[in-house]
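Quick note: the coordinates plus some simple rules give every number you see, no bench work behind them. Computed from a prediction, not measured in an experiment: that's the story for all the values here. All Cβ positions, glycine included, derive from the backbone under ideal geometry; neighbour counts span all protein chains shown.
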Amino acid sequence: MTKQRSHTFPSPKKMIYQYIAEHGTLSKADLLSTFTLTSSTLSRVLDELVLEKLLLTIGLGPSSGGRRPILYEINPNYGYFFGLEISRRYSSLGFFDMQMNAKSFTRWRMDETMTPAQLVEFVAANVRAFLNDHQIDQEQIIGVGIGAVGPLDRVNGVILRPLNFPASGWNDVPICALLAKRLSIPTTMLENGANTALVGEHWSMRKDNLQHLLYVHAGVGLRSAMMSNGQIVHGTIDMEGSVGQMIIQTDGPRLQDQGNFGALEAFVSVQALEKKAISHAKLGRGDLITNYHVSPEQINYDHLLQALAQDNEYAREIFLQSSVYFGIGLANLINVFHPEKVILGGALVNSHEQYYQTAIEIAQKNTYYYPEYQPLFSKGLLKEDAVATGAALMVWRAMDI
């Protein structure tokens, strides 16, 4: 397992490599206008990167009066990465080249059989399948990045005490060590999934040069991540789900036997909607029992989604109420962090376009300095692939060059 590294200033060689990776095909003149290096030093660095096969020369660019310049781009086949998302409802595995092109992706439901041991075996089988499909040797794999539900011990690669996994055994799981041993891949890195999702989305939007971003995922639980000056903001401890404990109604309900009364998660989460629907059904409200031939205790989120898709009045009502509370929570976060852009994801955000739009409208109405200050809102470009993509990107950025 590779432990998380402290932030150090990268070498000129790594900065040049990453700059080319982020901006595509470039010439030496393009790089000289960006970096404070002499022409001879830059030539030496570029020659080293080409010799090490990290960079490719792909021809000559147009002349600006002298000789046509050599064009450089990163070698997509120098090595490969896996990005793994571990979440409560669904998990996914992506396979990426050096240009962060997704060569393969698979996604699966997390049910009561998906224990840590089962997940490791499932991931190993898919890793073998991906390598066979693309005829790539195991030795070409640089590492595996993992974006997981917290809380985490990122330094030691351990998933600590996450709530609400359908399967048992998810407490104190040394996931990096387990995968490194099973896959025989030396580099494994762990980060919370909200952070890797934001890293992935930021990469996909890199041409927009956004520096201050907020990411909020509303699903089984609430998760958030913040980026300032292009860097993920880490707290003293890793508690990505703590945004769900934001109190929005002091005398409000409590979702679990722990946590705050009147917390956001009690209104905005898959569990909150299921809990409300079950309670209402026991009181004879709604028509889910009749429509789906289930007892109140058997009502689940899939029933609610199906009813919403069928324009069921009761389902529309409880999703609408949830989206209003979600908008209030977003406004609170926006008023604290003042992001340029807010990226929203998760099962609730994607349940219906009206949920997403209502949350945005409420957030905007309660944003201080609105309309002078109006952050942009988006579901992102990568969407459900963001967590795994960002996890792979984390390993790519940490590699030695």
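Quick notes on this structure:
- Rounded, prolate or oblate (a/c below 1.5 giving rounded, otherwise prolate when a/b exceeds b/c) for region 209-379 by Cα gyration tensor: prolate
- Potential extension, Lys28-Thr250 segment - 0.36 nm per residue separation minus Cα distance: 73.9 nm
- Shape class for region 171-245, computed from the alpha carbon gyration tensor (a ≥ b ≥ c): oblate, with a/c not under 1.5 and a/b at or below b/c.
- For the chain, the relative contact order is 17 percent, taking Cα pairs closer than 8 Å that sit 6 or more residues apart in sequence and dividing their mean separation by the residue count.
- Couplings 3J(HN,Hα) for region 196-213, derived from phi with the Karplus relation 6.51 cos²θ - 1.76 cosθ + 1.60 (θ = phi - 60°), are 5, 4, 5, 4, x, 5, 4, 4, 5, 9, 4, 5, 7, 6, 7, 10, 10, 10 Hz, where x marks Gly and Pro.
- Relative contact order computed over region 12-74 (Cα-Cα under 8 Å; 6+ residues apart), in percent: 40
- For the chain, the share of DSSP beta bridges that are antiparallel, to the nearest 5, is 60%.
- Gyration tensor (alpha-carbon) shape descriptor, the chain, a/c threshold 1.5: prolate
- Between Ile334, Ile58, Ile159, the residue with the greatest mean-square fluctuation in the GNM of the chain (Cα pairs under 10 Å linked by springs) is Ile58.
- Amide H contacts of Lys103 (H built 1.01 Å from N, under 5 Å, at least 5 apart or other chain): Phe95, Phe96, Asp97
- With the charge dipole of the chain set up from +1 on Lys and Arg Cβ and -1 on Asp and Glu Cβ about the Cα centre, the Cα lying farthest toward the positive end among the listed residues Ser323, Gln364, Leu304 is that of Gln364.
- The chain: most fluctuating residue of Ser242, Ser11, Ser322 per GNM, C-alpha cutoff 10 Å: Ser11
- Assuming charge only on the beta carbon of Lys and Arg (+1) and of Asp and Glu (-1), the dipole of the chain about its Cα centre is about 700 debye to the nearest 20.
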